[in-house]
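Reading through the structure tokens given below for one structure.
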Amino acid sequence: MAAQTLLPIGFITKAHGIRGEVSVEYHADSPRLLQGELYLRAGSAPPARQKVASWRRDNARLLLRFEGIADRTAAERLRGAEILVPADALPELDDGEVYLHALLGLSVIEVKEDGSESPVGSLENINSPAGQELWTIRTPAGEEKLFPAVPEFVRDIDLDRGEVRITPPPGLFDL
């Protein structure tokens with residue numbers, strides 16, 4: 001049996017209260033994924049299956065309580081753990097939509113103002129500080145280039161060809 005692909009949907013930031021709840025940085029749109037098969041991975045340990053006993057919103061935070069975690073001490077041990085779900089549990093996308101994990105490893109090609117193209121590297125990581133998607137592109141020379149992935153700079157994503165074409169502002173990669 002082949003190992004299933006697990007994808008991160010968030011991580012535990014801290015314990016909350018005294019009854020075993022944890023505060024979560026959650027990257028999915030809907031808590032629906034919390035009702036199915038779920039895994040926690042702490043550090044380099046293999047993912048461990050876990051079941052959500054309850055969840056609730058507290059202002060902008062998502063609070064979870066897991067089965068078997070009944071007090072603050074047990075919840076505190078989960079701090080920093082990634083929350084993972086099987087890839088096949090993700091909902092179907094509409095046409096033109098793509099999951100961010102599908103972009104990782106794509107070749108990044110810069111389209112210049114004159115229409116010429118040049119390879120930049122491969123998409124290595126995606127972060128969203130302050131709600132802005134920021135791509136980390138690894139060049140063939142091993143350098144890291146940061147790219148603000150706003151719609152006006154992302155020209156085309158072609159998963160079949162394994163490429164993404166970008167039109168960064170002039171001089172962005174010269175910094």
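Numbers at a glance
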quantity	calculated
Output for region 125-157, where each listed residue is surrounded by fewer than 14 Cβ atoms within 10 Å (Cβ to Cβ) and part of a loop (DSSP other than H, G, I, E, B)	128, 132, 140, 141, 142, 143, 150, 151, 152
Strands (runs of 3 or more DSSP E) wholly inside region 12-111 containing at least 1 residues that are at pLDDT 85 or above, open to solvent by less than 50 Å² (accessible area, probe 1.4 Å) and more than 30 Å from residue 143 (Cα to Cα)	21-26, 38-41, 48-50, 52-58, 61-66, 82-86
Enumeration of residues in region 98-148 that are charged (D, E, K, R) and within 17 Å of residue 166 (Cα to Cα)	110, 112, 113, 114, 117, 124, 133, 138, 144, 145
Of the criteria (1) at pLDDT below 95; (2) more than 13 Å from residue 168 (Cα to Cα), which one residue 151 fails	(2)
Every pair of residues 6+ apart whose Cβ atoms lie under 7 Å, when the first sits in region 142-164 and is farther than 15 Å from residue 122 by Cβ while the second is loosely packed, with under 11 Cβ neighbours inside 10 Å and at pLDDT below 95	148/132
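This table checks each residue for (1) in contact (Cβ under 8 Å) with a residue 12 or more places away in the chain; (2) touching a strand residue (DSSP E or B) at 6+ places or on another chain (Cβ under 7 Å).
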| residue | (1), (2) |
| --- | --- |
| 23 | yes, yes |
| 26 | yes, yes |
| 33 | yes, yes |
| 56 | no, yes |
| 59 | no, no |
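The values are calculated or read from the model by the stated rules, or taken from the named source; none is laboratory data. This is a predicted model, so every value here is computed, not measured. No Cβ is skipped: glycine too gets one built from the backbone with ideal geometry, and neighbour counts run over all protein chains shown. Heavy atoms of the whole protein, side chains included, go into the accessibility calculation; ligands, DNA and RNA do not. Shrake-Rupley method; radii C 1.70, N 1.55, O 1.52, S 1.80 Å.
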